[in-house]
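All of the numbers you see were taken from the coordinates with simple rules; none came from a lab. All figures in this text were calculated on a predicted structure; none of them were measured in a lab. We place every Cβ from the backbone using ideal geometry, glycine too, and count neighbours over all the protein chains shown.
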Amino acid sequence: MNRPLATIAGAVAVVATGVAVWAGTNFALAVPAATAAVAAAAFLFVESAPSVARRARPPGAPRSSGEVDRLRTAFRTGRVGRELIVSLLDNYERTGPNPAFAGRRPEEQARLVRLSGAEFREYVRGRIDELEARS
């Protein structure tokens, strides 16, 4: 949010709050003023939230994307997660260096899912290296 807009919204919130308090029991004046004060304060809060999130993240830290979060979860969830990881890697291959790639046969998918943890991580590293080299 730019500074002039924030200043105006802040001033509206303060003045409208003052008018609502000053109006006392005159509901015809107090209710619209209080509504304007709450709306201006809510606008300030909503507009400042992204900047608070940026300040909370250390400088240089990568932003988390939905796909990165899906991969983290997939690595923690065992067999179903491994199926997702293999499918995502196949999708990257299809949308990247090899558009003709048809995907894995079910037998191959099952074999990859049954690998030990270390073997599966090695498979993923190798597959990522291949995709990176061909991109």
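Quick check on the stretch 66-134: what are the equivalent-ellipsoid semi-axes from the Cα gyration tensor, as sqrt(5λ), descending, whole Å? After diagonalising the Cα gyration tensor, the semi-axes are 18, 14, 12 Å.
Across the chain, the relative contact order, built from alpha-carbon pairs under 8 Å that are at least six residues apart, equals 15 percent.
Projection of the Cα convex hull of the stretch 3-56, averaged over all directions and equal to a quarter of that hull's surface, yields 3.8 nm². For the stretch 66-134, the Cβ-based charge dipole about the Cα centre amounts to some 240 debye (Lys, Arg positive; Asp, Glu negative; other atoms uncharged). Dipole size of the chain about its Cα centre, with +1 on Lys/Arg Cβ and -1 on Asp/Glu Cβ: approximately 240 debye, rounded to the nearest 20.
What residue among PRO99, PHE45, TYR123 has its Cα farthest toward the positive end of the dipole of the chain, where the charges are +1 on Lys, Arg and -1 on Asp, Glu, each on the Cβ? Toward the positive end, the furthest listed residue is TYR123.
When the Debye formula is applied to the Cα atoms of the chain, each taken as the same point scatterer, what base-10 log of I(q)/I(0) results at q = 0.09, 0.17, 0.21 Å⁻¹? After summing over all Cα pairs, the log10 values are -0.56, -0.95, -1.18.
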